[in-house]
């Protein structure tokens, strides 16, 4: 028979078969692993898989698929009956066969033309081998099968029946009337037999000549029964539908070789007790699947039976489809309904001119939209297990080929990702896993020598983190040798020797992702990993993924991949440059930086024509978005020319430190060019803009893999969830864009591809430019030389042309007041402030400086000292700045003034608030009690500080309150002094950043020495970040204090010395 | 896409939508046109080819706008209230062609299509399928697919 297969049927078959096959590999591997102690359930499961596919294929006339599954099924049957023990050899053949099977199913139209004889032979060879061993003496027993009414049916070989049963088939005795059932239905007997054989196997057949009647009878006989014993996967009661024969003439063969009419059996079955059902569940289980399928198939064959039969060569478009949970679909439907209701509400309310109802409707729509979006996303989610599941096989095969022993563990298979991402990460992940086996894991001998378990371990893990999916692939293999990679990269001319020398280990390892790195064959020998890693990275980049590699030589390698949950809707940071909005995907975003105009000078450094920003000790290369995508010109042409173009110039002429390194050999820096072009800008005094808010620099710090850079943009807007839309084909070559999106106002914004922008800007090195590396080194040297100590200061004025600064962390608040608010009471100036009187003073009251300017608008800087508030009268402009310049503690020192420092071309006096208060209100500080040692002497404090200014300042503070101070210029000297005066020292105060031995190391040294381990240690620092504090605490610092916060420092000193 | 060459043999009447590119009267089969829009605010695409004016949002679809004037090597289209975007569908993508203004729809017989004049520039030449003579004007019939072909 030829079934008119409609596309749907085939689609269902393909889908179901692929679903069945999805897990077959791992099951095979598990069977292999179990060996003799086989898990019956597992084998049954695989058996059922093969069986269902075979059943379906039989219907479709897909002989190749049918034959292949048949052979597989035979072997599995033998496993099940313990006639064969699964061994790697046979499992291998089964695996290969299942691959071919999958190919056949994927290319279902051509499946019958593929040559599968190799597999068939291999499979049947296993089968035969087992037969030879165990079934040497097949009892050639014949069995007579008779109809229930006692009529003789057939005589068949018993083993054929039993083997069919073993395969889980039903055996039916059919009584087909060649005249009624075949001839009169327009079929030929041969065609009919073929038709039967497509869905089963005829074990024996016989023409019942006796029933024809007397041969001499006139005319044609009205019946010509053909008796056939038919083994099939179909349920007996489906056969009649398929073969269009009378149900009464189908009998099922029972275990005791008796036959029962199917009609009868159906009735009986429905009466069967639950217990019996339970007994047969195991069997029904797999039959059910086929049945389900076959019922669809028979139905379709029914519908089209009357239509012209046609060879099923029809092309079937294999369309991708997705299974969606019904409940999910229901919730989608509900949401859609909600949306309609909301729309109605909106329309009504607008026509009725009510004001508040649209708001409610809009709120609802907002809610429904988010829910709808979530629900739709869910329909696209698939577990990453779909990808992971193929790895056991990959690892096993590869390990076998390479004679390695590898164990693979999978974790987080249930983590779900968007379908498109699941499909796209398959290849890169496979690549990484293969690499891990091939290049990561060593040969068993080598592993033993290295003291490791002979069997290597690969660990694949997927997990959610920060709204992204992370996949980590780790191995305990030989790891990567950064130096060898660097040498290879230099040899290829990808980096220079100098660059290589300056790279950190991690940077060197990350070289593996550099395009062009791994094209040479030799690399595998030196790298341990690294074939086509750049391709892996590019593929992951395309998905918006980020890949990172960590490796320790001899210990193993871990590759981490971060993937977005979905590609369709992504959170983005919106920025503005050249008057247009652009979106930067949040995955690429590290942080946003705003450098106030006044600090540009300190933060941005120029080397050659490269700009870098110093960010927490690292140098970050800067890229100007406008330059890179060439929107500069539109600036100049636009009406607002002055503002935008000015800004650009101001960055370039930015009164930055120039690198001495490049001054000589690169005279043509950007600065000099601009000077020639725009001399008028040079005339502008830098201060004019320093307080101009608009000239602050906005930097988006982005990463793509190991590359991290700062993108300078005009303005930062909000972060938004955007829908990614593709750009038209005419814009395909614009590499800097990843797509476009529609903003809330209906206009289009372009999504930036930060990886390509870096490439366009010529940023090729992995962690910043080579220049940045050099600058980093150079400026580090400079920093050490200058003994930089960064200090946050509040800059203000008391009179025109006289600039003051005070440590920012002492400042409580700044208030703007009118001069009239100041009251003079009892010879002291006060103002009403939060219900109390705030004492006020001006700098000129104590120090010899110009008197407070006589202005209407004044500022009061409020400090808290000794639990009391005090206000310092001052005037603007006020700015917070960070300086690292050396403080001059002698030249301009006077009462109330600690010293001077140069800030923005002005000599600035550092105000000593404590000095002031002590001079004005000495009684405030009288509360502190002196602490003495047991002998009645003043305790001794060891103080390590490299900055002369601070050392003298703090030494003075402490001595003022009556303690002895031993001062050391760095950690090493302090350590030596401590050894010398060990007995006397009651407390250590240390700076953190010091040459030779820094504060952390000094603390660690002290803590590790039994003599001093109980000594209280106070760390003083200019700016204490949480990280530093944690680090300090970890090594044993008792407390952190801020330099120049004299009061707290002294308080803490008292506290520790008292408790001692 | 209705190919004029296909209909030529049948001497069929076809409707040609005409429009001005610079001063030149051009036309294309009206069936090629998805819609004609007024100029709406576009987003400029830096680094795009010169003839791409920008992209815009057409009911949720991103449409690339091509300035026909620039593309045909005539002067760039001057933007005014008469400027229109002719949205055509090509290879599954909507693309806007910016024209100076829209003319009439003319019904012509496909047999009247004449090859483009020999002295037309080679760059422009390939963008024209032919020329129709009407009583007052010559209409250059544009080959839309050729125009939308990406440049290498």
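Every read-out reported here was derived from the displayed coordinates using simple, explicitly stated rules and does not represent laboratory data. Just so we're clear, the structure is a prediction, and the values are computed from it rather than from any experiment. Note: ideal-geometry Cβ built from the backbone for every residue, glycine included; neighbour counts use all protein chains shown.
For the pair residue A:1048 and residue A:560, what calculated FRET efficiency results from E = 1/(1 + (r/R0)^6), where r is the Cβ-Cβ distance and R0 = 45 Å, to the nearest 0.05?
Values: r = 42 Å, r/R0 = 0.94.
The value I calculate is 0.60.
Between residue A:832 and residue A:341, what's the calculated FRET efficiency when r is the beta-carbon distance and R0 is 41 Å? Round to 0.05. List each step's numbers first, then the result.
Working: r = 59 Å, r/R0 = 1.44.
The calculated FRET efficiency here is 0.10.
Within 10 Å of each residue's Cβ, count the other Cβ atoms and sort A:69, B:83 from fewest upward. Working shown, then result.
On the way: A:69 27, B:83 16.
By the 10 Å Cβ count, ascending: B:83, A:69.
Between residue A:445 and residue A:853, what is the label-point separation in nm under the 7 Å Cα-to-beta-carbon projection?
Going from the residue A:853 label point to the residue A:445 one covers 8.5 nm.
Which order do A:502, B:28 fall in if you start with the one that has the fewest other Cβ atoms within 10 Å?
Values: A:502 16, B:28 23.
Going from sparsest to densest Cβ surroundings: A:502, B:28.
Please compute the modelled spin-label separation between residue A:1007 and residue A:696, points set 7 Å along Cα→Cβ, answer in nm with one decimal.
Calculated label separation equals 3.8 nm.
Quick check: residue separation of residue A:845 and residue A:124 times 0.36 nm, minus the Cα distance between them. What number comes out in nm? Intermediate values should be presented prior to the final figure.
On the way: separation 721, 0.36 × 721 = 259.56 nm, distance 10.73 nm.
Computed gain between residue A:845 and residue A:124 is 248.8 nm.
In which sequence would A:103, A:497, A:844 go, from the one with the fewest C-beta neighbours within 10 Å to the one with the most?
Values: A:103 13, A:497 10, A:844 16.
So the residues, fewest neighbours to most, are A:497, A:103, A:844.
If r is the Cβ-Cβ distance from residue A:330 to residue B:35 and R0 is 41 Å, what FRET efficiency results, to the nearest 0.05?
Working: r = 37 Å, r/R0 = 0.91.
The calculated FRET efficiency here is 0.65.
Given 0.36 nm per residue, what is the gain on full extension from residue A:535 to residue A:506 after removing their alpha carbon distance, in nm?
Working: separation 29, 0.36 × 29 = 10.44 nm, distance 1.96 nm.
Gain in length upon complete extension: 8.5 nm.
Can you tell me the length gained on complete extension of the stretch residue A:351 to residue A:618, counting 0.36 nm per residue apart and subtracting the Cα distance? Could you put the intermediate results ahead of the total?
Values: separation 267, 0.36 × 267 = 96.12 nm, distance 6.05 nm.
So the chain would gain 90.1 nm between residue A:351 and residue A:618.
Would you tell me the mean number of C-beta atoms belonging to other protein chains that fall within 10 Å of each C-beta in A:747-756, as a whole number? Please list the in-between numbers first.
Values: counts 7, 12, 3, 7, 0, 0, 0, 0, 0, 0.
The shielding value for this peptide is 3.
Need one number: nm distance between label points at residue A:378 and residue A:464, each 7 Å from Cα along Cα→Cβ, rounded to one decimal.
My value for the distance between the label points is 1.2 nm.
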